[in-house]
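Before any comments, here is the structure.
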Amino acid sequence: DLEGGLLGGRYDVILGSWTPSEKTPKEIVASIPYYDWGLLVAVREEDASIRSLRDLGGRRIGHIPDPSVERALAELERGLGARSVLLRDGGSLLFDDLRAGTIDALLFDSPYVLWRVAGEPRTFRVVGEPLNRLGYHVGLRRADSSLLARVNDAIRDFRDSGEMTQVRQRWESRP
């Protein structure tokens, strides 16, 4: 209940892979994005039957309970006949299920998917491009407009400094 905690005054910002949704209360405002991402599909490397998103028809797809994921899955189900079959609370469990063959594919945040695939290149692979374009933001109370301005300035400075590129390179790959 990150948003409830912010509105309840338990903390002043939401930071850490937060993306506003249509359910986000109007009293909460999002900063400019500090990290761009999208949902990616991952499969087992040896599964040659899935080479593109079109190959997901009738397949079992694991995912987390999240509004952006559910919208993307609804489109895959309508367009391709893909089946959402397994809800998990995190990416690690989804990759365990994929490895075990409990699911045929998973749909999860691109930073984590890219990191896992890079770390286990002969085990998993990405299929297709991100299904959407989203951003991680800092969430603040709408009334804290001066704090929002300072946070946005800090994000711009961070992105413009080149550090963001270095963070992405470290996170989205493994040596």
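The values are calculated or read from the model by the stated rules, or taken from the named source; none is laboratory data. What you are looking at is a predicted structure, and each value in this text was computed from that prediction instead of being measured. Every residue, glycine among them, receives a Cβ derived from its backbone with ideal geometry; neighbour counts consider all protein chains shown. For the accessible areas, the whole protein counts, side chains as well, though only heavy atoms, and no ligand, DNA or RNA atoms are used. Shrake-Rupley method; radii C 1.70, N 1.55, O 1.52, S 1.80 Å.
Some observations on this one:
- Segment 161-175: number of residues that are open to solvent by 50 Å² or more (accessible area, probe 1.4 Å) and without any contact (Cβ under 8 Å) to a residue 40 or more places away in the chain: 7
- Residue in segment 48-68 that is aliphatic (A, V, I, L, M), at pLDDT below 95 and touching a Leu at 6+ places or on another chain (Cβ under 6 Å) present: yes
- Long-range neighbours under 6 Å by Cβ, at least six apart or interchain, first residue closer than 14 Å to residue 34 by Cα within segment 7-18, second open to solvent by 50 Å² or more (accessible area, probe 1.4 Å): 14/2
- The residues in segment 94-127 that are under 16 Å from the mean Cα position of the chain (by Cα) and free of Cβ contacts under 8 Å to residues at least 60 places away in the same chain can be counted, and the count is 4.
- In segment 3-32, the residues that are in contact with a strand residue (DSSP E or B) (Cβ under 6 Å, 6 or more places away or on another chain), modelled with pLDDT under 95 and either part of a loop (DSSP other than H, G, I, E, B) or basic (Lys, Arg) (or both): 19, 20
- The helices (runs of 4 or more DSSP H) located wholly in segment 51-160 that include 1 or more residues which are open to solvent by 70 Å² or more (accessible area, probe 1.4 Å) occupy 67-80, 91-100, 145-160.
- Residues within segment 37-50 that are touching a helix residue (DSSP H, G or I) at 6+ places or on another chain (Cβ under 8 Å) and either free of Cβ contacts under 8 Å to residues at least 40 places away in the same chain or assigned to a loop (DSSP other than H, G, I, E, B) (or both), tallied: 3
A quick yes/no check of all residues on (1) of a type outside the set (S, T, N, Q); (2) farther than 30 Å from residue 5 by Cα:
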| site | (1), (2) |
| --- | --- |
| 81 | yes, yes |
| 105 | yes, yes |
| 112 | yes, no |
| 134 | yes, no |
| 140 | yes, no |
| 146 | no, no |
| 168 | yes, no |
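- Test for residue 34: is it open to solvent by less than 50 Å² (accessible area, probe 1.4 Å), over 16 Å from residue 65 (Cα atoms) and either in contact with a helix residue (DSSP H, G or I) (Cβ under 6 Å, 6 or more places away or on another chain) or free of Cβ contacts under 8 Å to residues at least 12 places away in the same chain (or both): yes
- Number of the condition not met by residue 26 [criteria: (1) within 30 Å of residue 143 (Cβ to Cβ); (2) in contact with a helix residue (DSSP H, G or I) (Cβ under 9 Å, 6 or more places away or on another chain)]: (2)
- Subset of segment 135-175 that is touching a helix residue (DSSP H, G or I) at 6+ places or on another chain (Cβ under 6 Å) and under 28 Å from residue 76 (Cα atoms) - its residue that is modelled with the lowest pLDDT: 173
- Single condition residue 27 does not satisfy, out of (1) open to solvent by 40 Å² or more (accessible area, probe 1.4 Å); (2) touching a residue at least 60 places away in the same chain (Cβ under 8 Å); (3) closer than 19 Å to residue 129 by Cβ; (4) over 19 Å from the mean Cα position of the chain (by Cα): (3)
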